1. Quick one: dipole size for the chain, taken about the Cα centre, charges +1 on Lys/Arg Cβ and -1 on Asp/Glu Cβ, in debye to the nearest 20.
2. Could you calculate the contour length gain from residue 285 to residue 37, that is, 0.36 nm times the residue separation minus the distance between their Cα atoms, to one decimal place in nm?
3. What would the Debye formula give as log10 I(q)/I(0) at q = 0.21, 0.25, 0.26 Å⁻¹ for the alpha-carbon point model of the range 200-285, no solvent?
4. Taking 45 Å as R0, compute the FRET efficiency from the Cβ-Cβ separation of residue 229 and residue 82 and round it to 0.05.
5. Output the pairs from 281/303; 249/286; 52/249; 217/303 with a Cα-Cα distance over 22 Å in this structure; if there are none, say none.
6. In debye, nearest 20: dipole of the range 45-156 around its Cα centre with unit charges on the Cβ of K, R (+) and D, E (-)?
7. Pull out the extension gain between residue 327 and residue 65, defined as 0.36 nm times the separation in residues minus the alpha carbon to alpha carbon distance; nm, one decimal.
8. Just tell me, in residue order, which DSSP H segments of the chain are both 24 angstrom or longer along the helix axis (alpha-carbon based) and at least 0.0 in mean Kyte-Doolittle hydropathy.
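Values in this text are rule-based calculations from the coordinates and carry no lab data. No experiment lies behind these values; they were computed from the predicted model shown. Neighbour counts are summed over all protein chains in view; Cβ atoms, including those assigned to glycine, are modelled from backbone coordinates with ideal geometry.
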Amino acid sequence: MDQLIVHHLIVHELKKQPEMAETELLLSKETLPITEQSTELVGRLDQIFERKNDLLQGFLAAPDESLFPAYYQNWLQEGRDRSNFIVFSHDTMAVLEQQLTGVIGAKGGYLLYADYTMEEQRMLGIYFIRETPGLVFVPDAEAIKLDTIQYLDVDHMAMAVRLLAGKGRNVQMIRHARTQSSISQYFTDWVGLDRPETSAELTYNFLEKVEELPVPKDKETGFAMNEGEFEKALLKYAAKQPQQTIRVKEFDEFFYGNEKPLQEMLADGDGALDDGFRVDKRSLRKQFYLRAGFGGLSITCTKDHFRTGQIEIDEAAGTITIRSDELANLLLDQKGD
């Protein structure tokens, strides 16, 4: 994990039973040592955000509107040092205890505060981790026996938040599924997430705007791309962005050079995309790749296959025509005589 630098770590426990209203805090007085083990843990936790498709994104509320942003700003102003990191975590845990008290159905766990840098992006991650029972083999004098163990279930994250250093839409959140949103709402309220939108919503909004843009020129040939080439280039561009974040200014520079078509289009809009957003890769692929299956038959294609006439659908007859010598030969080879 050469691209990961862990600056500060601390973990606290919040005790609460789902059927009870009361909560209890067990606060650490010192930070965790930065070891190979703890660094690996932070890396695994951060990867959950990278694998997660549809994050909740937004801005941090103003310091005078919510306690968490106020404590966070104080810590930033103090220079993100270790002692103030501990104070910040204690203060915000006290706020969380208040938020969680009385929320029936919610349960406690461990909260790991991690101040770290990933791929040159400084951020604060707060991960709500719970223990889960498991099985292990234990050597004995006469045989290897089976025993139980409690371990940190980092692969099934209940709730987590990352606050990226810098301005704009810098809050990214994982929380319970929507069916449990009434329980996990306290987590959103605690952080002070303002103007929340999902990655999927922001991605669809972005793609709607892109469809109205002129097709850019190919950097190598100098000629305008066709729509299919632009779609492939867009997918490749999104996949390579740090933290999978698309920023409007950088998008214009990459595809249009000195021209600013997307920035100009958004100038009179609602500003939803101006500060950049974490792209939802699944929504991006669904926009360009089509998949269907029924009765043992399945097909995967792109919209460009329809544009070029390789695939045609006759709605009245209910037929699909695929024009591809290569595909036909592959099927015939497998079919045999």
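1. Numbers: 37 positive and 56 negative charges, 37 e Å.
So the magnitude is around 180 debye.
2. That works out to 85.7 nm of additional length.
3. Result of the Debye calculation: -1.07, -1.52, -1.62.
4. About 0.35, to the nearest 0.05.
5. From 281/303; 249/286; 52/249; 217/303, over 22 Å: 249/286; 52/249.
6. Working: 8 positive and 18 negative charges, 30 e Å.
With Lys and Arg at +1 and Asp and Glu at -1, about 140 debye.
7. Values: separation 262, 0.36 × 262 = 94.32 nm, distance 6.03 nm.
The span from residue 327 to residue 65 would gain 88.3 nm if fully extended.
8. Numbers: long enough: 82-100 (27 Å, 0.12).
Sorted by number, the helices that extend far enough and score high enough are 82-100.
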